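Notes to accompany the following structure.
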Amino acid sequence: MARRPVIAGNWKMHNLQQEAIDLTNGIMQAIREEEKSRLPEVIIAPTFTSLYAANKALKDCGCGKVRLAAQNCYFEEKGAFTGECSVQMLKDTGCEYIIIGHSERRQYFGETDEMVNKKAQAILQNGLIPIICCGESLEQREAGVTDYHIASQITKALRDISSSDAAKSIIAYEPIWAIGTGKTCDSKEANRVISMIRNVVKGLYDENTADSIRILYGGSVKPETIKEQMAQSDIDGALVGGASLKVDSFSQIIKGAM
Ligand code: PEP
């Protein structure tokens, strides 16, 4: 089955509104001439306060080539949850995707597998697509428990989610030791882990779901690494942090995935 590649930029806690507008416009300018049918699905994930501005820039351009994601959400619809944003609120701001379970949220903000699962359910119930992050620490890799740990994260994240919802979800395999460190995971090893994840999905559902779900690699992806990563059998794209903050490097990564 042909899965459409995805290149998603996680801007983390960067970019004031004007910077978000400039970066959004810059990316759209850089891919303007590219045919929509050849482009991977391009997603940008600005911080909450820049979502409105980035969405407006996307709408003003009207080219429909770039989609909007949030970096987090809360699973309740509304209520006394100071500081949180519901899926509906993010949808209202133009988001079509939401990143959940990023290792920085797990590490600094106590996001658990159970919360990731509740968020995934809320996102899918509202017609949006979760980008579910998973990944092992260096200690876990050295202890030889990478596959066990990731299989457990994915199994818990997908609990009570139907096969049709799982099939449209996106998973991002992001080894923690590769995030923001400049150390990219060897492409063949990333592909091995990603095909293991696909096998876990097959075990939880069936072959069709496993063939449909898109699984990205994330961790110090750069213009120089993307071609080899995309050449692997099971890598469907990339979740990009640092290199998504510059028009040049992000557009080179997008073009490298075509
Ligand atoms: C990320 O934040 O998801 C990420 C992969 O960051 P970087 O590309 O900077 O390693």
Local electrostatic count at MET89 - Lys and Arg +1, Asp and Glu -1, tallied over other residues with Cβ under 15 Å
-2
Select from ALA120, ALA143, ALA53 the residue whose mean-square fluctuation is largest in a Gaussian network model of the chain (Cα-Cα springs shorter than 10 Å).
ALA143
Fully extended, how many nm does the chain gain between SER152 and MET258 (0.36 nm per residue separation, minus their Cα-Cα distance)?
34.9 nm
Calculate the all-directions average of the projected area of the chain's alpha-carbon convex hull, and give it in nm².
12.6
Heavy-atom accessible area of the chain with neighbours in place, 1.4 angstrom probe: carbon+sulfur share in percent works out to 49
How big is the charge dipole of the chain about its Cα centre, in debye rounded to the nearest 20, if each Lys and Arg gets +1 on its Cβ and each Asp and Glu gets -1 on its Cβ?
420
How large are Rg and Dmax for the range 166-250 when only the alpha carbon atoms are used, in Å?
13.0, 40
For VAL240, enumerate residues with amide H under 5 Å from its amide H, sequence gap 5+ or separate chain, H modeled in the peptide plane.
ALA8, GLY9, ASN10
Lys and Arg at +1, Asp and Glu at -1: add these up for the other residues within a Cβ distance under 14 Å of ILE176 and post the number.
-2
ARG214 long-range amide H proximity, modeled H, under 5 Å:
ILE171
Beyond a 26 Å Cα-Cα separation, which of these cross-linked pairs lie in this structure: LYS12/LYS119; LYS156/LYS227; LYS59/LYS183; LYS91/LYS202?
LYS156/LYS227; LYS59/LYS183; LYS91/LYS202
Dimensions of the range 1-147 along principal axes (Cα, Å, largest first)?
47, 40, 31
Hey, with R₀ at 45 Å, roughly what FRET efficiency would GLN29 and ASP160 work out to, going by the Cβ-Cβ distance, to 0.05?
0.60
Kyte-Doolittle cut-off 1.6, length cut-off 15 Å along the helix's own axis using Cα: show which whole DSSP H helices in the chain pass.
none
Amide H within-cut-off set for ILE129, under 5 Å, with H built and near neighbours excluded
TYR97, ILE98
Using only DSSP helix segments of four residues or longer, with each worth -39500 (n - 2.57), what per-residue ellipticity at 222 nm results for the chain after dividing by its residue count and rounding to 500?
-13500 deg cm²/dmol
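The values are calculated or read from the model by the stated rules, or taken from the named source; none is laboratory data. As the structure is a prediction and not an experimental result, all values here were calculated from the model. As a convention, Cβ positions derive from the backbone with ideal geometry for all residues, glycine included, and neighbour counts pool all protein chains shown. Only protein heavy atoms, including side chains, enter the accessible area calculation; ligands, DNA and RNA are left aside. Shrake-Rupley method; radii C 1.70, N 1.55, O 1.52, S 1.80 Å.
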